[in-house]
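Asks: Have a look at this one before I ask anything.
Just so you know, all these numbers are worked out from the coordinates, no wet-lab data involved. Keep in mind the model is a prediction, meaning the values are calculated, not measured. Methodologically, a virtual Cβ is constructed for each residue, glycine included, from the backbone with ideal geometry; neighbour enumeration extends over all protein chains shown.
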Amino acid sequence: MRQKFMSFMRGRYGVDKLSNTLVWIAFALMIINIKAGSSLIYALSIALLIYAYYRMFSRQIGKRSRENEWYLSKTYKLRMKMLKTRDRAKLRKTHHIYKCPDCGQKVKVPRGRGKIEVTCPKCSMKFVKRS
């Protein structure tokens with residue numbers, strides 16, 4: 001069965017970030033539709049699913065690739081902001097982040113060390129903070 005599917009997908013575009021996002025938006029709209037019961041929301045979610053699967057099974061690889069590149073370029077800032085927020089949330093479990101009072105440079109300090117003297121890597125100013 002797996003071999004048949006691989007044979008079917010040969011020469012087709014497959015899944016990319018845009019198709020993945022379209023499927024997730026359609027899924028979210030279907031959940032919203034359960035509460036709202038709107039035929040417009042239902043139709044929109046089905047249309048998004050159809051378009052996502054059309055893109056996945058398309059043989060126009062160049063065109064689908066350009067669409068995905070356009071999507072990635074338009075969502076770059078948002079995706080990077082989300083990554084930074086996620087990384088900052090992970091970091092806060094083990095470190096404090098302070099700003100240098102002189103130049104505003106962010107300085108990472110490990111938690112649980114008591115009062116320590118922090119030296120700014122940018123301007124070499126020393127300041128005391130609790131970790």
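Asks: Pick from segment 107-131 the residues that are among the polar types (S, T, N, Q) and farther than 18 Å from T94 by Cα: which of them is nearest to the chain's Cα centre (by Cα)? Before the answer, list the steps.
Replies: Taking segment 107-131 as the starting set, the residues that turn out to be among the polar types (S, T, N, Q) are 119, 124, 131.
Okay, now just the ones that are also farther than 18 Å from T94 by Cα, so 119, 124.
Working: T119: 34, S124: 35 Å.
So the residue we want is T119.
Asks: Restricting attention to segment 96-131, which residues are among the small types (G, A, S) and loosely packed, with under 13 Cβ neighbours inside 10 Å?
Replies: Looking only at segment 96-131, we keep the residues that are among the small types (G, A, S), and these are 104, 112, 114, 124, 131.
G104, G112, G114, S124 - these are the residues of segment 96-131 that are among the small types (G, A, S) and loosely packed, with under 13 Cβ neighbours inside 10 Å.
Asks: A further question on this structure: Pairs only if they're at least six apart or on different chains, beta carbon under 7 angstrom, first in segment 55-80 and acidic (D, E), second in a helix (DSSP H, G or I); list them, first residue then second.
Replies: Close Cβ pairs satisfying both conditions: E67/L18.
For (1) among the hydrophobic types (A, V, I, L, M, F, W, C); (2) surrounded by 12 or more Cβ atoms within 10 Å (Cβ to Cβ), each residue gets a yes or a no:
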position: K4; (1), (2): no, no
position: T21; (1), (2): no, yes
position: S45; (1), (2): no, yes
position: Y51; (1), (2): no, yes
position: Y54; (1), (2): no, yes
position: S58; (1), (2): no, yes
position: W70; (1), (2): yes, no
position: M82; (1), (2): yes, no
position: R92; (1), (2): no, no
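Asks: When segment 1-26 is examined, which residues are found to be aromatic (F, W, Y) and without any contact (Cβ under 8 Å) to a residue 12 or more places away in the chain? Steps first, answer last, please.
Replies: From segment 1-26, those aromatic (F, W, Y) are 5, 8, 13, 24; that's our starting set.
Those that are aromatic (F, W, Y) and without any contact (Cβ under 8 Å) to a residue 12 or more places away in the chain: F5, F8, W24.
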